[in-house]
Amino acid sequence: MGEGIRSSQQRGPLWLIELAGDFDHTDVNTLAETTAHALRSHEGPVAFDLSAVTFCDSSLLNHFLQVRRQRPVHLVGLPAQTRRVFEITGTLAAFSVFATVQDALDAAST
């Protein structure tokens, strides 16, 4: 549907997956494969940079909740329309939310 995954790599104490464009149920399988690789490659928290996400449905939220069962999940740059999905479902408090990647890195380093 959208641009997809821009990058997936270790950044200090985090594994950072940068997303862009639209995400719905058709895009989550690719993200699940990328996330599985991150979980195998890194023992620390997984951060998702959502600052370039233009749309998401509940399938992306569900993916984050599944990952959270295995590791801490940090959400970075949560756009207003995406934040609304989390607020409506009452799940925003389940995640650490940061304005920037640097903020997430700083928090994970302490």
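The values are calculated or read from the model by the stated rules, or taken from the named source; none is laboratory data. All values reported here derive from a predicted model rather than from experimental measurement. Neighbour counts run over all protein chains shown; Cβ positions are idealised from the backbone, glycine included. Ligands, DNA and RNA are excluded from the accessible area calculation, which covers all protein heavy atoms including side chains. Shrake-Rupley method; radii C 1.70, N 1.55, O 1.52, S 1.80 Å.
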Volume in Å³ per residue [convex hull over Cα atoms, computed for the stretch 12-55]: 63 Å³
Solvent-accessible heavy-atom area per residue, rounded to whole Å², over the chain at 1.4 Å: 51 Å²
Inter-label distance, nm, simple model (7 Å from Cα along the C-beta direction), residue 43/residue 66: 2.5 nm
Calculated [θ] (222 nm, deg cm²/dmol) that DSSP helices of n ≥ 4 give over the chain, each run adding -39,500 (n - 2.57): -12000 deg cm²/dmol
Residues of the stretch 6-26 with amide N under 20 Å of a point placed 7 Å along Cα→Cβ from residue 55: 6, 19-26
Neighbourhood net charge (15 Å Cβ-Cβ; Lys/Arg +1, Asp/Glu -1) for residue 105: -3
Rough spin-label spacing in nm, given labels placed 7 Å along Cα→Cβ, for residue 87 and residue 33: 3.5 nm
More than 19 angstrom apart: percent of Cα pairs within the stretch 1-93: 31 percent
Cα-projected label distance for residue 99 with residue 10, points at 7 Å along beta-carbon direction, nm: 3.0 nm
